[in-house]
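See structure below.
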Amino acid sequence: MTRTEERAEDTCPLVHQCRLPLPTSTVNHLPDVLRRHLKAIRSRWRILPPGRIAVIVLAVLRHDQRLADMAGGNNVSESTVRRWRDELIGLLAAQAPRLDRAVNEVAERGGEVVLIDGTLIPTQRRTGRADRRNYSGTHRRHGLHFLVLTDERGCLIWISAARPGRTHDITAARHEHSLDHLRAAGLGALADLGFRGLDNDVLDPVIVAGHTATRAHKPTPGQKDANRVLATGRAPVEHGFAHLKNWRTVTKLRTNPDRDTHFLRALLVLTSLEVNH
């Protein structure tokens, strides 16, 4: 059998337009970041101008467009689009706030509480024993676990490092020293029952996780009312997840596992630009 790269006579490549529903501030931010980077490394040449590169990368992230499709529509190679994507992701991730600075900024604005929660981002199932730790028994799928903090309105303010899917919320919070940073900033945090046991300070708790029921102990009417109030206060954290998952590329991560943390933090910066424009 002979392989050929020639197309059939009745076929031709087609290019279609696609709407990119993003505010102007987000679209303008990426070219500015890239121009400053090119000036810093004294490399002012690219095959396309920074504005076009930014639109291509945003289309890949927002609509989960395949790299080969975007490359063919812009007359560049797939490896070039991948290099642009990784370059801009690294530049954006460097702008993501650290946990201590994020909580201090909330405290300086007069905030009293933040919302904390964890979620799973699905990934491709990779071969090998090392991928077993990425399987989440709770969600029954492979993925990466990460924590987020939002303010009282549900606006994302911080995202943790990506960890294997089997990681528990408490384990991730302890690795990030979340309790120490919140206590130092004088903030409280509303959490779900998955964070029970993280803060054992009865007199001055920082993490409020509600009351749980056991076979030997059922919640009292007062505890049930407290759980309902806590659930109402925690509801905006789901808005933060929804804003983040508007970037369809997180429906299933296909990036290099070593760069997943940078990838998620870059999306945090883009989400903040979009929500707060």
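The values are calculated or read from the model by the stated rules, or taken from the named source; none is laboratory data. What you see is a predicted model; the values in this text were computed from it and never measured. No Cβ is skipped: glycine too gets one built from the backbone with ideal geometry, and neighbour counts run over all protein chains shown. Side chains included, ligands, DNA and RNA excluded: accessible areas come from the protein's heavy atoms. Shrake-Rupley method; radii C 1.70, N 1.55, O 1.52, S 1.80 Å.
Some points to look at:
- Counting Lys and Arg as +1 and Asp and Glu as -1 over every other residue whose Cβ lies under 14 Å from the Cβ of Thr261, the net charge comes to 0.
- Å² per residue, accessible surface of the chain at 1.4 Å: 60 Å²
- Rg/Rh for region 204-270 (Cα atoms only, Rh after Kirkwood) is 1.19.
- Extension gain from Asp69 to Lys245, taking 0.36 nm per residue of separation minus the Cα-Cα distance: 61.2 nm
- Selection from Pro221, Phe195, Pro31 lying farthest towards where the dipole of the chain points positive, charges on Cβ: Pro31
- Summing +1 for each Lys or Arg and -1 for each Asp or Glu among the other residues whose beta-carbon sits under 15 angstrom from that of Asp204 gives -3.
- The long axis of helix 50-63 is offset from the longest Cα principal axis of the chain by roughly 60 degrees.
- Peptides 101-111, 261-271, 163-173, 34-44 ranked from most to least packed give 261-271, 163-173, 101-111, 34-44, packing being the mean of other C-beta atoms within 10 angstrom over each peptide's residues.
- Stretching Asp204 away from Thr220 to a fully extended chain increases their span by 3.6 nm, per 0.36 nm per residue minus the current alpha-carbon distance.
- With semi-axes defined as the square roots of five times the eigenvalues of the C-alpha gyration tensor, the equivalent ellipsoid of region 144-230 measures 24, 16, 13 Å, largest first.
- Spin-label model, Ala161 to Ser77: label points 7 Å out along the Cα-to-beta-carbon direction sit 3.4 nm apart.
- Read-out Rg/Rh (Cα atoms, Kirkwood Rh), derived from the coordinates shown; its label in [x] 1.05; [y] 1.00; [z] 0.98: [x]
- Burial order of peptide ranges 144-153, 238-247 (average beta-carbon count within 10 Å, highest first): 144-153, 238-247
- Accessible surface of region 154-277 [probe 1.4 Å, protein heavy atoms]: carbon and sulfur percent: 53 percent
- Three-way shape call for region 7-162 based on the alpha-carbon gyration tensor, with the a/c threshold at 1.5: oblate
- Cut-off 13 Å between beta-carbons: net charge of the residues surrounding Leu147, Lys and Arg +1, Asp and Glu -1: -1
- For the chain, the longest principal axis of the C-alpha atoms and the axis of helix 24-40 are separated by about 70°.
- Cα extents of region 82-232 along the three principal axes, largest first (Å): 56, 41, 23
- Expressed as a whole percent, the accessible area of region 39-138 that falls on carbon and sulfur atoms is 46 (1.4 Å probe).
- Euclidean distance of C-alpha centroids, region 146-216 and region 243-277, integer Å: 21 Å
- Asp100, Asp131, Asp69, ranked by accessible area, largest first (probe 1.4 Å): Asp69, Asp100, Asp131
- Between 0 and 90 degrees, the angle of helix 260-275 with respect to the longest Cα principal axis of the chain falls at about 80 degrees.
- Rel. contact order, % - alpha carbon contacts under 8 angstrom, at least six apart, the chain: 22 percent
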